[in-house]
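Contents: one structure, followed by commentary.
The values are calculated or read from the model by the stated rules, or taken from the named source; none is laboratory data. Given the structure is predicted, the values throughout are model-derived calculations rather than measurements. Quick reminder, even Gly has a Cβ in these numbers, built from the backbone with ideal geometry, and neighbours come from all protein chains shown.
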Amino acid sequence: MRSLFIFLVLCVPLAANSVLLEITLPINGNSAQVLQKTLEHLDLSGVNNNEYVVLQFNVPDGEELNAQDNSFGSCYELAELLTSDRFRSVKTAAFVPKTLHGHCLLPFFACQERIIAEDAELIPPPSVNKTERQAYLDIARQRNIPAAVIEKMFDTKVPLRQIETPDGIKLTTEMKADEDAAVKPVDLIAAGQSGIISANLARQLGIVHLITGSRIDAARGLGIQPDSLKTVPLRSGNNRAVRVVVNGVMTESKVASLIRRIRLHINDNELDFLCVVIDSPGGSIDASLQLASFLACEIDRTKIKTVAYVPHQARSDAALVAAACDETVLGCGAVLGGDGARVFTPAQIAEAVRQIKLSIAPAMLRSWSVPAAFIDPDIELRKTARTAKNALAAPAEYLCADELDSFADKEDWQFGDTVKAKGQLLEIKVTDAGAVTPLPFGIVDRTAKDFDEFKLLFHLEKDPAFVQPTWAEKIVQILSAPEMSIILMLLAWLGIIIEGKMPGIGIGAFVTVVCLALFFWSTYLGGTAGYLEILLFFIGTGCLLFEIFVLPGFGIFGIGGIVIILASFILASQTFVIPHNAYQFSQLQHTLLMLVAGSCCLFALGYYLSRTLDKYTKQTDGTLIEEAEKLADYGYLFGEQGITATPLVPAGKVIIGSREYDVVSEGMLIDKGEPVEVIAITGYKITVRHLSVDIT
């Protein structure tokens, strides 16, 4: 049925991918059905000789006894599938990090390549019947495992002997020495001892091909580049996919909310697929590491496949989030890494690299050099290949000198060309035609021109459901967009103009306060504004008010206040004070361009609004004047003189006689205590002008 998700496509445009299935023991009942369904639905149509299906047999901590309860029927069916014609064209490998007990040895033997940890053992079931023993012999024969090994595992009375014959080394369980033996037989396991096989003995017998407890070393031992070994979740058939969006500047609060929402969906729904859509310039390295660590270490990869989709950009630390997913898909023209929203201190970089080394990279089966190069400009990446004659040919990897020095077999590796020099951050770009430059580096798995093509890559029949943000997060996301920020600033300034033209009504002041509050609230929660920007705005506003009410004119406080307010708006639109990299310079240019365009629109609208409001405030309509005069008739004040009770800016209060009146000055600022004369009465609007001599 096409309703089943097939999340594995081995033949990808950028690199050949082997796959890893993590099998949690025991194998029985429903778990066996899920595992078999997963294997049956793997797309093996495009495999080649360099690709593997790797089965990792996991024994959960504290569940060692339960892990021994493996069903013979389930294990034998799995072994038969692995040795069937379906898997004849693809290599299979088994990786055993802990001791195996019981019938799970059947699928282990059924794999073509077998890798085991140094302290692990192969412990057969306590007893088998004739049919079960024959099943083990059949699987062993198909994988060239000596029959004598199987006989000894199930019969403690016989020895496992190695004898040398003219035809070569031979294993036998016979009690007497072979007459053709040139030398005395060597007992590998004496008669009377159990048939438990250690890692070293398994290597000696040819049962296993490599001894290591590291998945990365196991991949390299198979000739697989670790980055290209992709974990495939075991198919439960739930067919549930969700999508989360990480956009804008990375912040701790944004990431904490996102992780909380993902956990709720995982707990409430049996998810199969998690799509992380990233469109971010980076921001907080701690936030990016938190999200990357969650995706790499907390998501159960045996059940959920995680894929990062970057339609436009995942710069700087945001690239770590993409690297923490099972696969990364970039859109045409997208950028992964490079300069981002912030420049980090050496201490921040060192701590981030440490976390990548210890937890994120091992969980993702990656070398740590490439993810660390997204945030550490001092890392030099070089093309590296293993040169040991006795090792399988492995694809080139991209490593730094520090990581190569940590290899136990570092002398078997050789550096090649430098692919990322010191002094710059790793940046991967996709051209409009879909080509990846300079290299995928094992991070970029595929490209997609749009989300519809992304869905086709992973056989998603419909759009994954959104993990919806809260209503407050949606509002912040809308208001923090650069275009919306400009609109809010324009409305705030227009509100000031309206208040100046229509004093006493308060509509303009209300609009201004609301717009400024929304602007700083959205930019603060969006991660671009902090206390500095808010403080600068209030300082600038205070300077303007001081200039207007205390020292009228257009002096240092007025100019300085305007400059400080503009600076607060600029800083609130970006994550830095002084640009330090190319991305930040481009962001500053964009912010200034938006500010200039907004200012031009403001002046144009302000001029139009000023002329329009003047028509209404002059009350030229006779009917309006008559209605206003019914409410208040100040005609008797024409020509009267008085003293300003407050500064006129241009509106204010004047004392005429013993009463106080609301007035408007004739287009100029007048200080408190200055003499004025009433020159016009229009309804309830009183217009005054300044007198050059005091009233006596």
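Quick notes
- When residues of the range 97-115 are limited to those that are in contact with a Gly (Cβ under 9 Å, 6 or more places away or on another chain) and assigned to a strand (DSSP E or B), the one surrounded by the fewest Cβ atoms within 10 Å (Cβ to Cβ): 113
- Near pairs, Cβ below 6 angstrom, 6+ apart or cross-chain, from the range 63-82 (buried (at least 18 other Cβ atoms within 10 Å of the Cβ)) to any residue that is of a type in the set (Gly, Ala, Ser): 68/102; 70/102; 74/32; 76/135; 79/110; 82/110
- Residue 224 meets the stated requirement of being in contact with a helix residue (DSSP H, G or I) (Cβ under 9 Å, 6 or more places away or on another chain), in the same structural domain as residue 129 (by TED's automatic domain parsing) and at pLDDT below 85.
- Checklist (1) under 18 Å from residue 463 (Cα atoms); (2) surrounded by 21 or more Cβ atoms within 10 Å (Cβ to Cβ) applied to residue 319, failing item: (1)
- The criterion of at least 2 residues that are within 26 Å of residue 97 (Cβ to Cβ) is met by the following strands (runs of 3 or more DSSP E) wholly inside the range 116-202: 121-123, 186-189.
- Wholly enclosed strands (runs of 3 or more DSSP E) of the range 269-363 bearing at least 2 residues under 16 Å from residue 375 (Cβ atoms): 335-337
- Any chance residue 189 is among the β-branched types (Val, Ile, Thr), modelled with pLDDT of 85 or more, touching a Pro at 6+ places or on another chain (Cβ under 9 Å) and not assigned by TED's automatic domain parsing to the domain that holds residue 97: yes
- The single condition from (1) in the same structural domain as residue 36 (by TED's automatic domain parsing); (2) in contact with a strand residue (DSSP E or B) (Cβ under 7 Å, 6 or more places away or on another chain); (3) in a helix (DSSP H, G or I) that residue 207 fails is (3).
- Tally, over the range 640-691, of residues that are among the acidic types (Asp, Glu) and assigned to a loop (DSSP other than H, G, I, E, B): 4
- Evaluation of residue 218 against (1) touching a residue at least 12 places away in the same chain (Cβ under 8 Å); (2) closer than 30 Å to residue 156 by Cα; (3) not in a strand (DSSP E or B) (one fails), failing number: (2)
- Filtered residues of the range 322-352 (kept if out of contact with any strand residue (DSSP E or B) (no Cβ under 7 Å at 6 or more places or on another chain) and surrounded by fewer than 22 Cβ atoms within 10 Å (Cβ to Cβ)): 343, 344, 345, 346, 347, 348, 349, 350, 351
Condition check ((1) hydrophobic (A, V, I, L, M, F, W, C); (2) more than 25 Å from residue 223 (Cβ to Cβ); (3) at pLDDT 90 or above) across all residues:
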site	(1), (2), (3)
94	yes, no, yes
99	no, yes, yes
123	yes, yes, yes
162	no, yes, no
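- You will find that of 431, 437, the residue that is in contact (Cβ under 8 Å) with a residue 40 or more places away in the chain, hydroxyl-bearing (Ser, Thr, Tyr) and under 19 Å from residue 338 (Cα atoms) is 431 and no other.
- Against the list (1) among the hydrophobic types (A, V, I, L, M, F, W, C); (2) surrounded by fewer than 21 Cβ atoms within 10 Å (Cβ to Cβ); (3) in contact with a Ser or Thr (Cβ under 8 Å, 6 or more places away or on another chain), the condition residue 361 fails is (2).
- When residue 385 is tested against (1) modelled with pLDDT under 90; (2) more than 27 Å from residue 458 (Cα to Cα); (3) assigned to a loop (DSSP other than H, G, I, E, B), just one condition goes unmet, and that condition is (3).
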